[in-house]
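Scroll down for the structure; my scribbles are underneath it.
The values are calculated or read from the model by the stated rules, or taken from the named source; none is laboratory data. Treat the numbers as computed from the prediction; the structure is a model and nothing was measured. So basically every Cβ, Gly included, is an ideal-geometry build from the backbone, and we count neighbours across all protein chains shown.
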Amino acid sequence: MSEHFYRPADGHRLPHDPFNSIVAPRPIGWIATLDGQGRRNLAPYSFFNALNYTPPLVGFSSNGWKGTVANAEATREFTWNLATRSLAEQMNATSTTEDVDEFEAAGLEAVASLEVEAPRVAAAPVSFECRVTQIIELQTAGGEASGSWFTVGEVVGVHIDEDLLVDGIYDTARAQPILRAGGPTAYFGIDTSTRFDMRRPQ
């Protein structure tokens, strides 16, 4: 096997950094928050995932101290909203760096949450209401600040479109979630044709 090796500190010597492609596809953290004055913010984060069963924890990483992180720190709340194929273009529109209400800019309706003040995306078939547990500045192996911030939230409310529950079981593919891949434009979906099943050893 021929192998391409590189030390990230020295550069990857490729047309595009492969790191995001290798750790992929990644679920999208479509995060809604309010600032201290009650103004809405909605932004997608490709460094996002579930972290724990009980209590249920999710987390997203922001490259820089951005509005979402500042709002999460100020209010200790956020919502996660499932980005689906039908919402892909509107999700992408919320990645703007302009100082706007991303709900309005992307033509998305907001709906009130039940456990937190942060709004939800009305069209998202699944949403988590979250309370912040930690905001951590990520560090290098040498202990230097990376300039990125990791926000962890405990899920205190879950909203699921009942059409996604088949005999009481959540159907992942039916929701048509979109997942971020590498490169400047690549996304993936989930298809039942790629499913396989395994049981863990006892």
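Points to keep in mind about this one:
- The criterion of at least 3 residues that are modelled with pLDDT of 95 or more and closer than 15 Å to Met91 by Cα is met by the following strands (runs of 3 or more DSSP E) wholly inside region 14-55: 29-34, 40-45.
- Neighbours by Cβ (under 7 Å, 6+ apart or cross-chain): first from region 9-30, at positive phi; second modelled with pLDDT of 90 or more and surrounded by fewer than 17 Cβ atoms within 10 Å (Cβ to Cβ): Arg13/Tyr6
- The residues of region 68-127 that are in a loop (DSSP other than H, G, I, E, B), polar (S, T, N, Q) and under 20 Å from Gly157 (Cβ atoms) amount to a single one, Ser113.
- In the set Ala124, Ala118, only one residue is closer than 21 Å to Gly36 by Cβ, out of contact with any Lys or Arg (no Cβ under 8 Å at 6 or more places or on another chain), surrounded by 20 or more Cβ atoms within 10 Å (Cβ to Cβ) and among the small types (Gly, Ala, Ser); that residue is Ala118.
- So Gln139, is it surrounded by fewer than 19 Cβ atoms within 10 Å (Cβ to Cβ), within 20 Å of Asn52 (Cα to Cα), of a type in the set (S, T, N, Q) and over 14 Å from the mean Cα position of the chain (by Cα): no
- Tabulated pairs, region 165-194, first without any contact (Cβ under 8 Å) to a residue 12 or more places away in the chain, second among the acidic types (Asp, Glu) and loosely packed, with under 14 Cβ neighbours inside 10 Å, C-beta under 8 angstrom, 6+ apart or interchain: Leu165/Asp171; Arg174/Asp163
- Of all residues in region 140-181, those that are at negative phi and not in a strand (DSSP E or B) total 15.
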